[in-house]
Amino acid sequence: MSIYEYYTQCVKENINLEKENLFFKSDPRYNYVLEHVNLAQGLEYLSLIKREFKEFYGEHKDFLIQLCKKNDSIGKPNKNYFLNFCSCSSTNIRYIYQSLLILNYAKDIELEELKIAEIGGGYGGLCFYLKNLCPLLNIEINSYVLYDIPEVEELQSVYLDYHNIATTPKEEISSGYFLVSNYAFSELPKDIRETYEDQVINPFCDYGFLSWNACYLYDFVKNKKITSEQERPLTSPNNLYVYFK
């Protein structure tokens, strides 16, 4: 089996388990794709949060710790200890940092209400953090649509249901959405990227933020201004943070 077939097999094994028995976050088959941020990277993300969002971190540190513990309560993740923060999966800290990048970009382009379309939503971790952090930045998320393979979408439903987070059916997507995709869209085969471009991105997405890897940046959205900067921290030589409006 391929790496992604092993990943899908792990997801299938978790879908029907009780909450306390979910184990996907520490399964090596799953970790190749997700939940693989190491301690060193976690420390870098935490340092970036403290530096780039100093006031926010100082004011909301205790709440961020609560979110890490809440997220880690499902899926039996591998944890690392972060001095003066908490013991948690390092992936939490990446989710926090990239959620803040997304929400601050929304504020920069004067969006107080968001409709989000996420391509490659994993187990729903980014959705969890965006939904919980947006009120702290006076942003309201009115709709959240997730796109993934069917088995993974089932796991997202399981995870998000436990956290009482509602999502919007794909059939109800409309214009004016904000696209997010962290290390997913750019990893897809060309034909699948083109399908998303034709059926989701160009018809419905007016703005976006993507963590870009795996292929060179190209004009994946029409009639929009695309800008990019080097990923922070740089986890692979050509990785980018990509914005469009």
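Run Glu35 past the list (1) of a type outside the set (Ser, Thr, Tyr); (2) at negative phi; (3) part of a loop (DSSP other than H, G, I, E, B) and report the number of the one that doesn't hold.
(2)
Inspect region 186-198 for any residue being small (Gly, Ala, Ser) and out of contact with any Cys (no Cβ under 8 Å at 6 or more places or on another chain) and give the result as yes or no. Walk me through how you get there before you give the answer.
Taking region 186-198 first, the residues small (Gly, Ala, Ser) are 186.
Imposing the further condition that a residue be out of contact with any Cys (no Cβ under 8 Å at 6 or more places or on another chain) reduces the set to none.
Checking region 186-198: not a single residue is small (Gly, Ala, Ser) and out of contact with any Cys (no Cβ under 8 Å at 6 or more places or on another chain).
Looking at (1) over 16 Å from Glu151 (Cα atoms); (2) exposed (fewer than 13 other Cβ atoms within 10 Å of the Cβ); (3) among the hydrophobic types (A, V, I, L, M, F, W, C); (4) free of Cβ contacts under 8 Å to residues at least 60 places away in the same chain, which one does Ile65 not meet, given that it meets all the others?
(2)
Output the number of the condition that Lys54 fails; it satisfies all remaining conditions of (1) open to solvent by less than 20 Å² (accessible area, probe 1.4 Å); (2) out of contact with any Pro (no Cβ under 9 Å at 6 or more places or on another chain).
(1)
Could you check how many residues of region 115-140 are touching a Cys at 6+ places or on another chain (Cβ under 7 Å) and more than 23 Å from Ser89 (Cβ to Cβ)?
Of region 115-140, the ones touching a Cys at 6+ places or on another chain (Cβ under 7 Å) are 117-118, 121, 140.
With more than 23 Å from Ser89 (Cβ to Cβ) added as a condition, the list becomes 117, 140.
Of the residues in that region, 2 qualify.
Failed condition for Ile3, given (1) at pLDDT below 95; (2) touching a helix residue (DSSP H, G or I) at 6+ places or on another chain (Cβ under 7 Å); (3) aliphatic (A, V, I, L, M), with all others met?
(2) is the only condition that Ile3 fails.
Would you be able to say whether some residue in region 69-83 is within 19 Å of the chain's Cα centre (by Cα), open to solvent by less than 80 Å² (accessible area, probe 1.4 Å) and of a type in the set (S, T, N, Q)?
Yes: region 69-83 contains one or more residues that are within 19 Å of the chain's Cα centre (by Cα), open to solvent by less than 80 Å² (accessible area, probe 1.4 Å) and of a type in the set (S, T, N, Q).
If the requirement is being open to solvent by 20 Å² or more (accessible area, probe 1.4 Å) and on the phi > 0 side of the Ramachandran plot, which of these qualifies: Glu110, Glu140, Glu154? Can you show your working first?
Numbers: Glu140 fails: on the phi > 0 side of the Ramachandran plot; Glu154 fails: on the phi > 0 side of the Ramachandran plot.
One residue alone meets the criteria, Glu110.
Among the listed residues Tyr218, Tyr207, Tyr177, which satisfies the condition of being at pLDDT 95 or above and within 29 Å of Tyr32 (Cβ to Cβ)?
On the way: Tyr207 fails: within 29 Å of Tyr32 (Cβ to Cβ); Tyr177 fails: within 29 Å of Tyr32 (Cβ to Cβ).
From the options Tyr218, Tyr207, Tyr177, the qualifying one is Tyr218.
Residues of region 86-100 being crowded, with 20+ Cβ neighbours inside 10 Å and not β-branched (Val, Ile, Thr), which ones? I'd like the intermediate steps shown before the answer.
Here is the first cut: in region 86-100, the ones crowded, with 20+ Cβ neighbours inside 10 Å are 88-100.
Once the filter is applied, which keeps residues that are crowded, with 20+ Cβ neighbours inside 10 Å and not β-branched (Val, Ile, Thr), region 86-100 yields Cys88, Ser89, Ser90, Asn92, Arg94, Tyr95, Tyr97, Gln98, Ser99, Leu100.
Take Tyr218 and tell me if it is open to solvent by 10 Å² or more (accessible area, probe 1.4 Å), aromatic (Phe, Trp, Tyr) and without any contact (Cβ under 8 Å) to a residue 24 or more places away in the chain. If you could, list the steps in order and put the result at the bottom.
Working: open to solvent by 10 Å² or more (accessible area, probe 1.4 Å): yes; aromatic (Phe, Trp, Tyr): yes; without any contact (Cβ under 8 Å) to a residue 24 or more places away in the chain: yes.
Here the answer is yes, as Tyr218 does meet what is asked.
Would it be correct to say that Glu197 is open to solvent by 60 Å² or more (accessible area, probe 1.4 Å), out of contact with any Pro (no Cβ under 9 Å at 6 or more places or on another chain) and touching a residue at least 24 places away in the same chain (Cβ under 8 Å)?
Values: open to solvent by 60 Å² or more (accessible area, probe 1.4 Å): no; out of contact with any Pro (no Cβ under 9 Å at 6 or more places or on another chain): yes; touching a residue at least 24 places away in the same chain (Cβ under 8 Å): yes.
Taking the combined requirement at face value, the residue does not satisfy it.
With respect to Gln156, is the statement that it is part of a helix (DSSP H, G or I) and closer than 22 Å to Tyr30 by Cβ true? I'd like the intermediate steps shown before the answer.
Working: part of a helix (DSSP H, G or I): yes; closer than 22 Å to Tyr30 by Cβ: yes.
Yes, satisfied.
The values are calculated or read from the model by the stated rules, or taken from the named source; none is laboratory data. Keep in mind it's a predicted model, so treat the numbers as computed, not measured. Reconstructed Cβ throughout: ideal geometry from the backbone, glycine too, with neighbour counts over all protein chains shown. To get the accessible areas, we keep the full protein, side chains included, count just its heavy atoms, and leave off ligands, DNA and RNA. Shrake-Rupley method; radii C 1.70, N 1.55, O 1.52, S 1.80 Å.
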